[in-house]
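The values are calculated or read from the model by the stated rules, or taken from the named source; none is laboratory data. Note that the structure is predicted; figures quoted are calculated from it, not measured. Using ideal geometry, Cβ is built from the backbone for each residue, glycine included, and neighbour counts are taken over all protein chains shown.
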Amino acid sequence: MELNIWRFASPQVIYPIAGRMVPVFMALAALFTLAGLYIAFFVAPTDFQQGESYRIIFIHVPAAWMSMLIYLVMAFWCAVGMIMNTRLSFMMALALAPTGAFMTFIALWTGALWGKPTWGTWWVWDARLTSELILLFLYVGFMSLHAAIDDVRRADRAAGLLALVGVVNVPIIYFSVQWWNTLHQGASVSLTRAPSMASTMLAGMLVMTIAAWMYGIAMSLMRLRTIVLEREADSDWVQELFASPACGAKA
Amino acid sequence: MKPRHKRLTLIVAGLAALGGAAAFVLNAFQSNLVFFYSPTQVAAHEAPAGKSFRIGGLVQTGSLQREADGITIRFAVTDTAHIVPVAYKGILPDLFKEGKGVVAQGQLGTDGVFQAKEVLAKHDENYMPPEAAEAVERAHKSVQQSQKTLVQ
């Protein structure tokens, strides 16, 4: 029998699956965070230029990568929702936005904390920092626009359009340090050449990145369940879910 | 064409148009998006005269001087082609070192000395333990040494 992937486009099908996945990804996130922080603080060596202050990289870079990746995934779901008219896609996009904004905020904040001791300033208006700040505004704009429109379908479409337009910003953030001269240094890790950092440092950063992925998946699935319940509140299956004696006590 | 395909084409075309427009706009503002000017650009009078701007490059090795008052610092910014002398009163960031990157904001005086109001360190994307950095340095020196002996 052929597996019908469209089955998973149904909120009713996804709701219990997501519920089972959340604790798994939460546990993985905790595990990888502990391992990553252990490498970051006890295994990775001191840097020859920056001493210990470089260690903020283990939070900063994973958060910055996640901020861009989550935006791309969010815009992808908005596009799918607009093309296929699938309700769940927009719910996915909406579930991702707060985690994306959180990651962007962490990237900016840790960047400021790192910039003060190394560069000598909390903030400069160079291309990398400014475009990352615009990303934060895009996330906040996406969520605010969605919240400002009462009709859910219209809110999905309007916010989705904003998300798609904002996609232009992601390559600008990524390539800003190559296209223009900036205070922010170039990428230490890229797909096209060998990483310019010691291997234990790189290992710590990658483990922390996996942790950020796991955390992002867990949080957005958790949020997705809430959004599904909210939007499907009138449907039979949600009514049944809360009418059943097992859930009755909790509901 | 199903409506679904029509919407897909529309979104792809829209994104392509948007990407193209963004590329043109960024290209048009290219000169406004530079964070700092290089000493070569300053020498070619590409930097705004009489206005505050930033210069960036490497602190020339051996150029760092502290004046008797203890807070005035003089150094030269180089991009290995041209040199701009810089004067600055204030505290330097920890990573400020000869031979390392620097970005300074201020004005170019009539005497050709850049009067900096703010000096920031620009570090590179290399991270390694001090032992590895020393090894790289040693290897670099021994290569230079052998080159010298070859020339002589």
Members of segment A:69-88 that are more than 17 Å from B:L8 (Cα to Cα) and crowded, with 20+ Cβ neighbours inside 10 Å: A:I70, A:Y71, A:L88
Residue list for segment B:108-132, restricted to those being touching a strand residue (DSSP E or B) at 6+ places or on another chain (Cβ under 9 Å) and more than 27 Å from B:H82 (Cα to Cα): B:Y127, B:M128, B:P129, B:P130
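Considering each of A:T86, A:T130, A:T99 in turn, give the residue that is among the β-branched types (V, I, T) and within 18 Å of the chain's Cα centre (by Cα). Don't jump to the end; show me each part of the working.
On the way: A:T86 fails: within 18 Å of the chain's Cα centre (by Cα); A:T130 fails: within 18 Å of the chain's Cα centre (by Cα).
Being among the β-branched types (V, I, T) and within 18 Å of the chain's Cα centre (by Cα) holds for just one of A:T86, A:T130, A:T99, which is A:T99.
Take residues that are of a type in the set (D, E, K, R) and within 13 Å of chain A (Cβ to nearest Cβ) and tell me which of the strands (runs of 3 or more DSSP E) falling wholly in segment B:62-152 contain 1 or more.
Working: elements: B:72-78, B:83-89, B:101-108, B:114-122.
So the answer is B:114-122.
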Cβ pairs under 7 Å, 6+ apart, first in segment A:4-31 and surrounded by 12 or more Cβ atoms within 10 Å (Cβ to Cβ), second among the small types (G, A, S): A:V22/A:A218; A:F25/A:A218; A:M26/A:A218; A:A29/A:A211; A:A29/A:A218
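Looking only at segment A:105-129, filter to residues that are of a type in the set (S, T, Y) and surrounded by 18 or more Cβ atoms within 10 Å (Cβ to Cβ); which one of those is modelled with the lowest pLDDT?
If we filter segment A:105-129 for residues that are of a type in the set (S, T, Y), which is where we start, we get A:110, A:118, A:121.
Imposing the further condition that a residue be surrounded by 18 or more Cβ atoms within 10 Å (Cβ to Cβ) reduces the set to A:110, A:118.
Numbers: A:T110: 96, A:T118: 90.
Applying the filter and picking the extreme gives A:T118.
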Residue tally, condition touching an Asp or Glu at 6+ places or on another chain (Cβ under 9 Å), closer than 16 Å to A:A163 by Cβ and within 14 Å of chain B (Cβ to nearest Cβ), over segment A:47-88: 3
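In segment A:183-198, what residues are within 10 Å of chain B (Cβ to nearest Cβ) and either surrounded by fewer than 17 Cβ atoms within 10 Å (Cβ to Cβ) or closer than 26 Å to A:T130 by Cα (or both)? Before you say what the answer is, go through the steps one by one.
Our first condition is that a residue be within 10 Å of chain B (Cβ to nearest Cβ); within segment A:183-198, this holds for A:183-190, A:195-198.
Residues satisfying the conditions are A:L183, A:H184, A:Q185, A:G186, A:A187, A:S188, A:V189, A:S190, A:P195, A:S196, A:M197.
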Given (1) crowded, with 20+ Cβ neighbours inside 10 Å; (2) within 25 Å of A:G115 (Cβ to Cβ); (3) more than 14 Å from chain B (Cβ to nearest Cβ), number of the condition A:L37 does not satisfy: (1)
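Matching residues to (1) surrounded by 10 or more Cβ atoms within 10 Å (Cβ to Cβ); (2) assigned by TED's automatic domain parsing to the domain that holds B:L108; (3) within 13 Å of B:F114 (Cβ to Cβ); (4) of a type in the set (K, R):
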residue	(1), (2), (3), (4)
B:K2	no, no, no, yes
B:K6	yes, no, no, yes
B:A17	yes, no, no, no
B:A22	yes, no, no, no
B:S52	yes, yes, yes, no
B:I55	yes, yes, yes, no
B:R66	yes, yes, no, yes
B:D69	no, yes, no, no
B:A81	yes, yes, no, no
Filter result for A:W180 (touching a helix residue (DSSP H, G or I) at 6+ places or on another chain (Cβ under 9 Å), farther than 18 Å from A:T99 by Cα, surrounded by fewer than 16 Cβ atoms within 10 Å (Cβ to Cβ) and within 14 Å of another protein chain (Cβ to nearest Cβ)): no
Where a residue in segment A:167-184 is free of Cβ contacts under 8 Å to residues at least 24 places away in the same chain and its partner, wherever it lies, is buried (at least 17 other Cβ atoms within 10 Å of the Cβ), with Cβ under 7 Å and at least six apart: A:N181/B:V34; A:N181/B:F35; A:N181/B:F36; A:N181/B:G56
Tally, over segment A:44-83, of residues that are in a helix (DSSP H, G or I) and under 14 Å from A:M205 (Cα atoms): 13
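Taking the options A:L221, A:L241, A:L162, A:L206, name whichever one is within 14 Å of another protein chain (Cβ to nearest Cβ) and over 25 Å from A:W119 (Cα atoms). So that I can check it myself, show each step before the final result.
Working: A:L221 fails: within 14 Å of another protein chain (Cβ to nearest Cβ); A:L241 fails: within 14 Å of another protein chain (Cβ to nearest Cβ); A:L206 fails: over 25 Å from A:W119 (Cα atoms).
Checking each option against the conditions leaves just A:L162.
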Cβ pairs under 7 Å, 6+ apart, first in segment B:18-33 and free of Cβ contacts under 8 Å to residues at least 60 places away in the same chain, second β-branched (V, I, T) and surrounded by 10 or more Cβ atoms within 10 Å (Cβ to Cβ): B:L18/A:V165; B:L18/A:V168; B:G19/A:V168; B:A22/A:V168
